[in-house]
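S.K.: This is the structure, below, for whatever I ask next.
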Amino acid sequence: MKDQGRSTRKRTGGRRRPVGKKRKHQLGREPTETQVGDAKLKIVETHGNTEKARAIATDRANVATDDGTRSATIESVAENGANPNYVRRNIVTKGAVIETDEGQARVTSRPGQDGQVNAVLVNDE
């Protein structure tokens, strides 16, 4: 379980005494590491009686080009600034550069939060 409450450490590195107990609204979740593969969604309940569709795996991306948006097939992850190991493990996060049948594209959405991959074509300069 992830705790989103106040840190137990000070800026100087010293310990901070707990003010109260952990609360339900401070609860966090493990990150959804969306992989390239057959599409699989997970529905998660959130605050305010709403739901999030988390993409566990996906093989499609909505790629924006100069003349519109097309649905493209994701082949692999080319680079990922969040974590170099994500490239080897084919994990898609926001900001990752993916190989599609339309060409290389940078992911602009958060697949672990939105459940879909939106991307913009990267111009080879």
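The values are calculated or read from the model by the stated rules, or taken from the named source; none is laboratory data. Everything numeric in this text was worked out from a predicted model, so none of it was measured. With ligands, DNA and RNA removed, areas are computed over all heavy atoms of the protein, side chains included. Shrake-Rupley method; radii C 1.70, N 1.55, O 1.52, S 1.80 Å.
S.K.: Just to be sure I follow the rule: in segment 1-111, considering lysines 8 or more places apart or on different chains, how many pairs have Cα atoms under 29 Å apart?
M.R.: The result is 23.
S.K.: Rg to Rh for segment 3-98: what is it, with Cα atoms only and Rh by Kirkwood?
M.R.: 1.12
S.K.: Next question. Might you work out the accessible area of Asp101 for me, using a 1.4 Å probe with all protein chains in place, and round it to the nearest 10 Å²?
M.R.: Surface accessible to solvent at Asp101 totals approximately 90 Å².
S.K.: Once ligands and nucleic acids are excluded and a 1.4 Å probe is used, how much of Leu41 is accessible, expressed in Å² to the nearest 10?
M.R.: That residue has around 100 Å² of solvent-accessible surface.
S.K.: Here's something else I'd like to know. Which of Lys42, Lys24, Lys94 ends up with the largest GNM mean-square fluctuation for the chain, with Cα atoms connected below 10 Å?
M.R.: Taking springs between Cα atoms under 10 Å, the residue moving most is Lys24.
S.K.: At a 1.4 Å probe radius, which order do Asp114, Asp66, Asp38 fall into by accessible area, largest first?
M.R.: Output order, biggest surface exposure first: Asp66, Asp38, Asp114.
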